[in-house]
Every structure is written in structure tokens, then in C-alpha cells.
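Below is one structure, written out as C-alpha cells; the observations come after it.
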Amino acid sequence: MKLILHYMGKYKASIFFGMLLKLLSTLSELMIPYILEHLLDEVVPLGQMNQVLLWGFLMVLTAILTRQFNAWANRRGVENAHNVSYDVRQDLFTKTANLSGSQFDAFGLPSLTSRMTSDSYNVQSCAQSLQTMCIRAPIMLVGGIAVTMTMDPVLSAILCIMVPILAVIIISVSRYGIPLYNKVQERLDDVVRIMRENITGIRVVKALSKADYEKRHFGEANDAMTKSDIMASTVMAIPGPFMQTCLNVGLTLVVVIGAIRVNRGLMKPAVILAFLTYFNMVMQGVMGLNRIFMMISKASASANRIAKVLAADVDQKILTEDEAKKPEGDEFIRFEHVNFSYEAGLSGETGAEAFAGAEREQCLHDISFALKRGESLGIIGPTGCGKTTIINLLMRFYDVEDGGVFVNGRDVRTYDKDELHEKFGVVFQNDMVFYNTLRENIRFGRDLSDEDLRQAVEDAVAAEYVDSLEGGLDYWADIKGANLSGGQKQRLLIARALAGDPEILILDDSSSALDYKTDAMLRKAIFDHHKNSTTIMVAQRVSSIQNMTHILVMDNGRCIGYGSHEELLENCPAYKEIYQTQMGALT
């Protein structure tokens, strides 16, 4: 709840005004039965029509004011709640975008997605309820009892007995709400994960005729979430039947005891009518408090999950020059005796407690190489050998365990992340084409002229296919480039990387969907028009990297060969075997 109240504090003036309107609305509503009782018992017997009309007009006016105050308060509450949820989503998105690779892995994409969507919605609902029901329900409860005490203390005693009983039931049940709703949200994370995997890989699922298998897999997760949700809702719904029973019993007692007291001349008949209305109001107040407890239980679970992301410490601090390591050489890019391990078995949480005692998977072992400005490096090796990990460390998505990574003579840990990343133009494996025009996919928010974009398209050997599309660069790409072929997507992504004429160009298996002729044309265009860029290319084809200044051969996280193409053919059996296998297949 601290998180919700913190974000509501920004709008405290507007919230206070809205709650004041709700207070006036509730007080006006409480006056209507009192006016009715006075009209029937005191005014009507006088037989003065002008007094009857006057009090009748006052009753109508009170009802109109009640409705208007209530409408204004609800509108203000909705606006404030939406503003709160907007701020929560903005901060959560910003924090998520700045999580380190390890932290992102720890939380998991499905969990972060559900926190951004369903959890933020629960916070919004709670913020709205706190502004409306938290005023109305207590005032109805306390005000109703207070007014009835002035009318008839005996009948009021019925309320005073039943309300504490219901309060104990509500509080007792609500204690179990937050853990149950926490479990519901965790199960929802599993559902989101499986749904995302199946939507992303729907073609694979269909191609392998595994729709029934995935349906069962999703059904199990959906069933687990549904059972958790039913359990939480069932427990939190326990007070409902008790309150309804108390309401019916109370109404019966009011009618019976009231009739007895009227018959004995101890009270007037209209008091019973007013009492029935007030009894309903008091019970509405109690049921409103029950709904508030339910909403707070659910929202607290969601708020705690959001707070864990927002409270995640920055685990990639910018180092000073004195704190950072010094490179042993003056090359533009240097890796010096780098060791690295991904954290294994982490999910759902982050922070020191999540990482403590985690099993570690060693990915890189004593990796060293150096590139001068304008040189190129090709990285080749089997799947899972650590090629992409080198890119991740160079761009500081993760930090090394031992050794150092240096760019332009500085430890990458001394750079502000924006300052570092501005040096790069990069195409990752399975990179993202956004739902936008080709122009905006290439520009990507940068200040680039149309001439720059056109040159990038030509360098990426994409001009012919772009010109063939309706609208050219204004052609609209579907989500993930579903209306583009694999080769078209890769050339579009390469154009994006080249458009900024980066200092460091990284192509991570970015030409796998291109034919050999297009691949060769692409490499020639890069070397002809981007000579000043230091290029690192991860590839499976020897033909893609054989003209690089240096080639790094990887296997199981280790460097098993480093040098030029000719040098590796002479002294690296693994590289020679790859070359002969691939070149033999071509011939």
C-alpha cells in the first residue's frame, strides 16, 4: 500500500477535493431518510400544505445535490486513478528499460509484462476505490448509526450488535487475502509466458502438429491460475453471505421490535420506515468496507510486485577512472582475459537475495583480443559457444566477472550507457522489426536526413526490394515484420544499423537469411562506405568473415583460434575443418 499512497500523494489536492465532494454527497444522502421521517411524523399531521411542499422540495433538492456531488466525486476519482496508474506504468517501463541483463533475466519477461498490465490495473482500481468507497462506506456506517441513535436508541442497539460481528469476520478473512492474490499473479505469469511463447512460435507449433500438445500445456497453466483465483475469491467472498444474513435478520428485528414499540406508544410509525432505510445504509457501509478490504488485498499483492521492480538496485554503476581497470594497450577495442558466467535458475525476483547462492554457468573463459579503429573481427563457432555473449559484454548488457572490456582506451564501466551505446550500430539475432513504416524502423527516432536513410538502404542491398513495395520507405511493416521475408527483414535491420554511420558496427548472425550473392554485395558495401567503422561480425559462414582483419574461433566459451583467414587455415584445425566442410558443400 505504500507504493499506491506514494503515487497518490502527487495528486493530493485533487484527491482531497474529490473526497470532500464524496463526503458532501454521503452526508446529503444520510439526510434524506431523516427528512422523510420528519415530514411524515411532524409535518403531515399539522395539515399545512405549504409546509408539506416545503419539506418535500427540501427532500428533492437534497436528492439532486446527492446525485450531483456523487457524480463530480466519481469523475474526479476516475481521473486521479488514471493519473496514478499512468505514472506507475511510466516509472515501471523506465525502470524495466534500465534493468541490467542479469536483472531482466531474474524477473523474466512474462512477469514484467503482467506487472505492467494486470498489476498496474489493480493499482488503478484500488486508487479509485480509496477515493470513493473509503469515504462513503465509513460515513454510511458511522453516520447511519449516529443518526439512528438520535431517533431510537433501542432499535439502534440492533446495529451496534451486528456491526462488530461483521467487522471481525471481514478482518479475519482479509488477513489471508494478500498471500492468495500473490499466488494468483504468479500463476498469471506462467500463463502469459506460455501464451507469448505459443504466439511467437505459432508457425513452428503448426508445422510440427503440436497444437494439441501446447493446448494441454496451456490448459494446465490456465487451470492452475483459475484454481488459485477461485480459492482467493472464495475466501474473500466468505463475509458476503454472513452480511446478507445479518441484514435480513436485522431488518426483521427492526420491523418486529419497532412495531411493538409503536403499539406501546414509545415511538412514531415513520421512525420504522427511516430505520429500515438507515439499516440498509449501514449494511451498505459494512459491505463497502468488505469490498475495500478485498480490493486492498488484491492491490497490495500487485503493488508489492511492482515495488520489487522499482526498488531494484542499479547493479551496473558507472565507475570513475580511478576505480576502473586500465588497458594494457591502446587499441580501440580490447578484451583482456575476460571470464563471464550467466546466473542460472533465477526467476521472478531480483536483488541480492535472488542472486545469492545461485548456480553459475561459465560461458567465457579467458577471452582476449584487440582491434584498432577501422579494423574488423569475425567470430565463428558452434551454437552456444559464447559468440553473442562477447557482444553483450562489449555493449555492457552484462558486466564481466574477471578481466576487462575497453572501448577507446576506457573501461566500458566508466561510460554512461547512452554515451556508450551511441557508438554502436547493431543487428542482433532475432532482432525486432516494429509496427511502423520502413522509414521509421530505420530512423528509429534519430535525427537522420532522407539522404542518410537512402544511403543506408543502398548499403544494406535493400534498395531494390524497398522500391518495389507500395510507398517505398513509407511501406508499413506489420508487427515483427510479418509481411516481410526473412531476407528483407535482415536487410532492413542492417540498414538501421548503418544509418547512423556508427563507430562500431556489430552484425550478429545478421546475414543468415541472405543468399551468397547478396551477402557478398552487403559486405562489399560495408567495407567500401563504412571504412571508419570498426566491425564485428558473428557468423556461421566462413565466406562471410574470411576477409575480416581478424577472426576469432570459439568453442565451449574458449578461444581456440585467432588470426587472419590464411593464418587460421594453417594453424587452427577446427577452422580449417569448418572451411573445408562449407567450401566443399558449395563445390
What FRET efficiency comes out for Y435 versus D91 if R0 is 35 angstrom and r is the Cβ-Cβ distance? Round to the nearest 0.05. 0.90
Protein chains only, probe 1.4 Å: how do L253, L319, L394 rank by accessible area, largest first? L253, L319, L394
So for the pair I171, D515, with labels modelled 7 Å out along Cα→Cβ, what separation do we get in nm? 7.8 nm
For R446 and R291 in one chain, what is 0.36 nm times their gap in residues minus the Cα-Cα distance, to one decimal in nm? 50.9 nm
Listed by chain and number, the aspartates and glutamates with an alpha carbon less than 14 angstrom from that of K298, same-chain partners under 8 positions apart left out, are D119, E186, D229
About its Cα centre, how strong a charge dipole does the chain have in debye, to the nearest 20, once Lys and Arg get +1 and Asp and Glu get -1 at the Cβ? 2980 debye
Checked against the positive end of the charge dipole of the chain (+1 on Cβ of Lys and Arg, -1 on Cβ of Asp and Glu, about the Cα centre), the farthest of G481, M236, C126 is M236
Structure shown: which of K423/K531; K387/K489; K22/K308 lie over 24 Å apart, alpha-carbon to alpha-carbon? K22/K308
In square angstrom, rounded to the nearest 10, how much accessible surface does K227 have for a 1.4 Å probe? 130 Å²
Per-residue [θ]222 nm for the chain (sum of -39500 (n - 2.57) over DSSP H runs n ≥ 4, rounded to 500): -20500 deg cm²/dmol
Charges on Cβ only, +1 for Lys and Arg, -1 for Asp and Glu, centred on the Cα centroid of the chain; of L58, L92, M19, which one is farthest towards the dipole's positive end? L58
Length gained if N98 through S564 is fully extended, taking 0.36 nm per residue and subtracting the Cα-Cα distance, is 164.0 nm
Relative contact order as a percentage, the chain, C-alpha pairs under 8 Å and 6+ apart, gives 14 percent
Net dipole in debye of the stretch 422-552 [+1 Lys, Arg Cβ; -1 Asp, Glu Cβ; about Cα centre; nearest 20]: 400 debye
What is the sum of charges around H337, taking Lys and Arg as +1, Asp and Glu as -1, for the other residues whose C-beta is under 12 Å from the C-beta of H337? -3
T320 accessible area, nearest 10 Å², 1.4 Å probe? 70 Å²
Nearby aspartates and glutamates by direct alpha-carbon distance to K12 (threshold 16 angstrom, same-chain neighbours under 8 apart not counted): E79, D87
In degrees from 0 to 90, rounded to the nearest 10, what is the angle of the helix 450-459 Cα long axis to the longest principal axis of the chain? 50 degrees
W476 and A157 label points (each 7 Å along its Cα→Cβ direction) are spaced in nm at 7.3 nm
Just going by the charge dipole of the chain, with Lys and Arg at +1 and Asp and Glu at -1 on Cβ, which of A456, G101, H6 is farthest out on the positive end? H6
With the crude spin-label approximation of a point 7 Å out along Cα→Cβ, what separation in nm comes out for E323 versus N280? 6.6 nm
Rounded to the nearest 0.05, FRET efficiency between T234 and V44 (Cβ-Cβ, R0 45 Å) equals 0.35
Taking the Cα centre as origin and putting +1 on Lys and Arg beta-carbons and -1 on Asp and Glu beta-carbons, what dipole magnitude results for the stretch 25-113, to the nearest 20 debye? 340 debye
Suppose we take every Cα in the stretch 54-124 and form the convex hull; what volume per residue is that in Å³? 63 Å³
Could you do me a favour and compute the accessible area per residue for the chain, 1.4 Å probe, result in Å²? 50 Å²
Please compute the Kirkwood hydrodynamic radius over the chain, one decimal place, Å, based on all pairs of different Cα atoms. 29.7 Å
In Å, the C-alpha Rg and Dmax of the stretch 529-585 are 11.7, 35
Fraction of beta bridges assigned by DSSP in the chain that are antiparallel (%, nearest 5): 55 percent
Stokes-Einstein translational diffusion, the stretch 446-575 - Kirkwood Rh over all Cα pairs, 0.890 mPa s, 25 °C, in µm²/s: 153 µm²/s
At a 1.4 Å probe radius, which order do H550, H217 fall into by accessible area, largest first? H217, H550
Can you send over the carbon and sulfur percentage of the accessible area for the stretch 5-52, probe radius 1.4 Å, protein chains only? 71 percent
Excluding residues fewer than 8 positions from K325 in its own chain, the lysines with Cα under 16 Å of it are K317
Subtracting the Cα-Cα distance of E422 and V255 from 0.36 nm times their residue separation yields 52.3 nm
Show Y516, Y398, Y121 ordered by accessible area, largest first, where the area counts protein heavy atoms only and the probe is 1.4 Å. Y121, Y516, Y398
For all pairs of alpha-carbon atoms in the stretch 180-336, what percent lies in each bin of width 10 Å, listed from the first bin to the last filled one? 8, 18, 16, 15, 16, 12, 7, 4, 3, 1, 0
Roughly how much of E422 is accessible, in Å² to the nearest 10, using a 1.4 Å probe? 150 Å²
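The values are calculated or read from the model by the stated rules, or taken from the named source; none is laboratory data. Because the structure is a prediction, the values reported are computed rather than measured. All Cβ positions, even for glycine, are placed from backbone atoms using ideal geometry, and neighbour counts span all protein chains on display. For accessibility, only protein heavy atoms count, side chains too; no ligands or nucleic acids. Shrake-Rupley method; radii C 1.70, N 1.55, O 1.52, S 1.80 Å.
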